[in-house]
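Enquirer: Questions regarding the structure given below will be posed in turn.
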């Protein structure tokens, strides 16, 4: 079972979910390049300018481990990364668990993504212009400054830390991608987990994903926000167990 | 809870439940928001009070941090207020559970950050300027380094295209170079099919010196000092996460590339002047004398555009005294080519019957004192007495000549050696050596590029040279020279210049090779006539023998070799003194082909009949090809 974290944080997102599966599964956790403890030099603007690049990373992990077909659990943007990887190499995937997925964040005609183009532009501008303020919680450089131990103590957690320049590009890749047409090409059975109220991936988006994924189940969690893996981990675990048991 | 300490605190205070719903808010924050308490408390969630950037940030970063760490500190956000956006700094911590605030409730403190925000904006602006400048400097440095180390116009073009899809960040790129007179040449593409980018219209570029966007691509004019040297067109990545192309950097790279192309053109012109100079110096017409034949070749080095300083020369140093020379001037380029020219002229000026090779080299020592660029040149010089076959030779720091006898093994002439020209600190005697050539013997002079290679010792090179030449004594000179350079320089990707001169001394023997295309027939007839005259033959004998030999040559080329341009017919003529004291001219015409029989005998027969009528005796032999032997009495007379 492979867990992939979404935009913003790192594999720590799964701290309350992954342990529930270690007894029955070999559990694989990783950080996307640019996030958490990843090797920053592996980041390539050309490759990681599109979600396919991240999907290739996932496939390379699976190839390197040479696992039997995996259950891929992807949160947020990683749900779509898993979709792309499963289209490319279906034999590597047994099941997809898509937590709060969205194939397109921007409204488009009848499609409701949850954001207008102007709002996403504002977000990206905010990210581009504002990361000095944000960097208190993002930049690893400040964290690692040995000459300022008081900072290290204050920000003891390394959770949610990512390279600012990469995070800005990852934000563009995440929020400007449109992978709606890819959903119809998935052949891997999948579970869609949707929060009752999620500003980033609203209910309509979860329904849309469920409708377009050929062999999928939809479970709506009684939760608010975009991170049920942290806010209601027990619900996530239960939904996954039920789904996997039913197969 | 709504006492004054809470409500009138100089900062905004809120409490939230787990999903961010506002449980309470003080007057300060309500004042900022311009909203009623009832409107906010119990209904709104904190993220709904934030501008969209902060709203998403809340969900992707802050909510997870509250879950995992139980707090976050000093996060810069914007509140949406009645009068616009208010920059704030927010800290939040989950309550451990107290009398006032039960566990699970998050306490939030918000400070207005107008001033701090302005200061931060300035910092951010300064930082982004610094980052941009660093990024641009890096890209420029990469591109400039690649351009300045590129060699020639092709090299600059390749470096520019590589930089375009490398440090300059284009997905693909096409480059058009300006052809003088015809406008832009064909596009060179990197990462896309040639022709996939629309060729720019030169008129549209008039006066444009900066990179600009057109049709989704970036067009960069490449201006040199005085002319437009070309146009670069770059296609950006269209991926969501891609960085846009940087126009100011591309403008700067375009200027660099224009100047680099200027330099490359100048360099190639200078290289071609040097090539031209060298070619004209090497294009010598050897003296026309039937007693010897010569073949030469010059192969320029392949590593650089520049010419080297190798040369060969052959001239008459006196009556019947043939001078041969192969030399090598240190260095490359125009300077080396011009020093070579001067040294070559000096050799011609100094050579003469009274000098001899050793003294000639000593005089050249004095010459190179004046011409610094020719100092340390190496040289093999030989003088051949065309009447007797006596050869005097000397080598100044140069590889030894190779003697290829008509009968016997080739051997290197290791005598007559001394250091390179100008190597002595004070004038010293230079030695020379002698050897007598037999008729048909050959002498090979060459520069070190022929034998020197990184992957073998010099001795191995000499040995290989000997082996390669062995068994070639009967092959046409041109063929031997070509074969020699081909096999000696095989697989050599970085070789030096190579100069080769191969001389055959025929003595009283006349020997020529005529290509089966008969392109040199006329010259051979002329030479044979001259040789017959030099043997004292009268006018009639000259005409009859030349005509008979022409017929035999034409037969051999047409029927024996069927016009194959890679094959040659060998003509050899000697004077044979018979027992009765009479002199005969004996000419053999040999080809390696098989004459078709019997059908063409009609044609051939006609030719043979003409020959029979012209000479005293004729014989045809068929072994290892076909040999026609003609014999005629040498009638002496004034010609």
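Enquirer: Take the alpha carbon gyration tensor of region A:164-204, find the square roots of its eigenvalues, order them as a ≥ b ≥ c, and report rounded if a/c is under 1.5; if not, report prolate when a/b exceeds b/c, else oblate. Can you show the working numbers first?
Expert: Working: a/c = 2.39, a/b = 1.35, b/c = 1.76.
Judged from the Cα gyration tensor, region A:164-204 comes out oblate (a/c at least 1.5, b/c at or above a/b).
Enquirer: Could you check the spin-label model distance between residue A:24 and residue A:108? Points 7 Å from the Cα along Cα→Cβ, value in nm.
Expert: Inter-label distance under the simple model: 3.7 nm.
Enquirer: Compute the normalised compactness of region B:513-598: alpha-carbon radius of gyration over 2.2 N^0.38 Å, N being the residue count. Display every interim value, and only then the final one.
Expert: Working: Rg = 13.9 Å, N = 86, 2.2 N^0.38 = 12.0 Å.
Compared with the compact-globule rule of thumb, region B:513-598 sits at 1.16.
Enquirer: Give the peptides A:75-88, B:500-513, B:257-270 in descending order of average Cβ contacts within 10 Å, highest first. Kindly include the intermediate steps, with their values, before the conclusion.
Expert: On the way: A:75-88: 26.4, B:500-513: 22.5, B:257-270: 19.2.
Top to bottom by mean Cβ count within 10 Å: A:75-88, B:500-513, B:257-270.
Enquirer: Over all pairs of distinct alpha carbons, what does the Kirkwood formula give as the hydrodynamic radius of region B:230-270, in Å? Don't skip to the answer; put the middle values down first.
Expert: Working: mean 1/r = 0.0819 Å⁻¹.
Computed over Cα pairs of region B:230-270, the Kirkwood hydrodynamic radius comes out at 12.2 Å.
Enquirer: Also, I was wondering about something else. I need to check one value: relative contact order of chain B, counting alpha carbon pairs closer than 8 Å and at least 6 residues apart, in percent. Walk me through the numbers before you get to the answer.
Expert: Working: 1249 pairs, mean separation 49.5, N = 639.
Value for chain B: 8 percent.
Enquirer: Moving to a separate point now. Residue by residue through B:239-250, how many Cβ atoms from other chains fall within 10 Å of the Cβ on average? Could the numbers behind the result be given before it?
Expert: Values: counts 14, 14, 20, 9, 7, 0, 0, 0, 0, 0, 0, 0.
Other-chain Cβ atoms within 10 Å of each residue's Cβ, averaged: 5.
Enquirer: At 222 nm, what value in deg cm²/dmol follows for chain B if DSSP H runs of at least 4 each add -39500 (n - 2.57) and the sum is divided by all its residues, to the nearest 500?
Expert: Values: 16 runs with 220 residues, N = 639.
Rounded to the nearest 500, the figure is -11000 deg cm²/dmol.
Enquirer: Counting DSSP beta bridges in region B:285-505, what percent are antiparallel, to the nearest 5? Walk me through the numbers before you get to the answer.
Expert: On the way: 47 of 49 bridges.
Taking every DSSP beta bridge with both residues in region B:285-505, the antiparallel ones total about 95 percent.
Enquirer: Here is a further query. What's the angle, to the nearest 10 degrees (0 to 90), between helix A:203-212's Cα axis and the longest principal axis of chain A?
Expert: Compared with the principal axis, the helix lies near 50 degrees.
Enquirer: Any chance you could give the angle, 0 to 90 degrees and rounded to 10, that helix A:164-176 forms with the longest Cα principal axis of chain A?
Expert: Rounded to the nearest ten degrees, it is 30.
Enquirer: Mind checking Rg over Rh on region B:1-75, alpha carbons, Kirkwood formula for Rh?
Expert: Numbers: Rg = 12.6 Å, Rh = 13.0 Å.
We get a ratio of 0.97 for region B:1-75.
Enquirer: Per the Cauchy relation, a quarter of the hull surface: what is the mean projected area of the convex hull of the alpha carbons in region B:370-481, in nm²?
Expert: Numbers: hull surface 34.9 nm².
Taking a quarter of the hull surface, the average projection is 8.7 nm².
Enquirer: First obtain the Kirkwood hydrodynamic radius of chain B from its Cα pairs, then insert it into the Stokes-Einstein equation at 20 °C and 1.002 mPa s, and state the resulting D in µm² per second as a whole number. Kindly include the intermediate steps, with their values, before the conclusion.
Expert: Working: Rh = 33.0 Å.
D, rounded to a whole number, is 65 µm²/s.
Enquirer: When the Kirkwood hydrodynamic radius is evaluated over all pairs of different C-alpha atoms of the protein assembly as shown, what value in angstrom, to one decimal, is obtained? Display every interim value, and only then the final one.
Expert: On the way: mean 1/r = 0.0279 Å⁻¹.
It is 35.8 Å.
Enquirer: Taking 25 °C and 0.890 mPa s as the conditions, I'd like the Stokes-Einstein D for chain A in µm²/s, using the Kirkwood hydrodynamic radius from alpha carbon pairs. Show your work: numbers first, answer last.
Expert: Details: Rh = 18.4 Å.
The Stokes-Einstein estimate is 133 µm²/s.
Enquirer: Could you state the number of Å between the C-alpha centres of region B:69-84 and region B:107-162?
Expert: Each part's Cα centre sits 29 Å from the other's.
Enquirer: Round to the nearest 10 and give me the degree value, 0 to 90, for the angle of helix A:51-65's Cα axis relative to the longest principal axis of chain A.
Expert: 80
Enquirer: Further question: So for region B:4-112, averaging the separation of alpha carbon pairs under 8 Å that are six or more residues apart and normalising by length, what relative contact order in percent results?
Expert: Working: 201 pairs, mean separation 29.4, N = 109.
Result for region B:4-112 is 27 percent.
Enquirer: Kindly list the residues of region B:405-421 that lie in the label zone of residue B:624, defined by a backbone N under 17 Å from the point 7 Å along the Cα-to-C-beta vector.
Expert: Of the residues in region B:405-421, B:405-410 have backbone N under 17 Å from the label point off residue B:624.
Enquirer: Also, quick follow-up: For B:457, B:520, what's the fewest-to-most ordering of other Cβ within 10 Å of each Cβ? Let's see the in-between values first.
Expert: Working: B:457 11, B:520 16.
Least to most surrounded, the residues fall as B:457, B:520.
Enquirer: Let me ask you something else. For chain A, what is the mean residue ellipticity at 222 nm derived from helices alone (per DSSP H run of n ≥ 4: -39500 (n - 2.57); sum divided by total residues; nearest 500 deg cm²/dmol)? List each step's numbers first, then the result.
Expert: Details: 10 runs with 104 residues, N = 247.
After summing the helix terms and dividing by the residues of chain A, the value is -12500 deg cm²/dmol.
Enquirer: While we're looking at this one, here's another question. So for chain A, averaging the separation of alpha carbon pairs under 8 Å that are six or more residues apart and normalising by length, what relative contact order in percent results?
Expert: Details: 436 pairs, mean separation 56.5, N = 247.
It comes to 23 percent, rounded to a whole number.
Enquirer: Where does each of B:146-155, B:64-73, A:5-14 land if you order them by average Cβ count within 10 Å, highest first?
Expert: Numbers: B:146-155: 17.1, B:64-73: 19.5, A:5-14: 25.1.
My ranking of the peptides, most packed first, is A:5-14, B:64-73, B:146-155.
Enquirer: Using a Förster distance of 35 angstrom, determine the FRET efficiency expected from the C-beta separation of residue B:617 and residue B:434, and round it to 0.05. If you can, show how the numbers build up before the last one.
Expert: On the way: r = 40 Å, r/R0 = 1.14.
For R0 = 35 Å, the calculated efficiency reads 0.30.
Enquirer: Can you give the % of DSSP beta bridges in chain A that are antiparallel, to the nearest 5? Numbers along the way, then the final one.
Expert: On the way: 2 of 26 bridges.
Approximately 10 percent, going by the DSSP bridge assignments.
Enquirer: A further question follows. Going out from 0 in 10 Å bins, what whole percent of all Cα-Cα distances in region B:440-514 drops into each bin?
Expert: Per 10 Å bin, starting at zero, the Cα-Cα P(r) for region B:440-514 comes out as 17, 51, 24, 7, 1 percent.
Enquirer: If I take R0 = 35 Å and measure r between the Cβ atoms of residue B:284 and residue B:543 in this structure, what FRET efficiency does the formula 1/(1 + (r/R0)^6) give, to the nearest 0.05? Intermediate values should be presented prior to the final figure.
Expert: Working: r = 31 Å, r/R0 = 0.90.
Calculated transfer efficiency: 0.65.
Enquirer: Binned at 10 Å from 0, what are the whole-percent values of the Cα-Cα distance distribution for region B:285-505, short to long?
Expert: 8, 36, 38, 17, 1
Enquirer: How many Å³ per residue does the convex hull of the Cα positions in region A:1-101 occupy? Let's see the in-between values first.
Expert: On the way: hull volume 9.6 nm³, N = 101.
Per-residue hull volume (Cα only) is 95 Å³.
Enquirer: Using 0.36 nm per residue of separation minus the Cα-Cα distance, give me the extension gain between residue B:566 and residue B:17 in nm, one decimal.
Expert: Numbers: separation 549, 0.36 × 549 = 197.64 nm, distance 9.73 nm.
So the chain would gain 187.9 nm between residue B:566 and residue B:17.
Enquirer: Compute the distance in nm between two label points, each set 7 Å from the Cα along the Cα-to-Cβ direction, one at residue B:91 and one at residue B:268.
Expert: 6.8
Enquirer: Label residue B:582 and residue A:241 with points 7 Å out from Cα along Cα→Cβ: what is the distance between them in nm?
Expert: It works out to 12.8 nm between the two label points.
Enquirer: Can you give the mean number of other chain Cβ atoms that lie within 10 Å of the Cβ atoms in peptide A:44-52? Numbers along the way, then the final one.
Expert: Values: counts 0, 6, 8, 2, 3, 8, 6, 3, 1.
What the average comes to for A:44-52 is 4.
Throughout, read-outs are computed from the coordinates displayed, never taken from laboratory work. None of the values given here were measured: they were computed from a predicted structure. With ideal geometry, Cβ positions are generated from the backbone for all residues, glycine too; neighbour counts draw on all protein chains shown.
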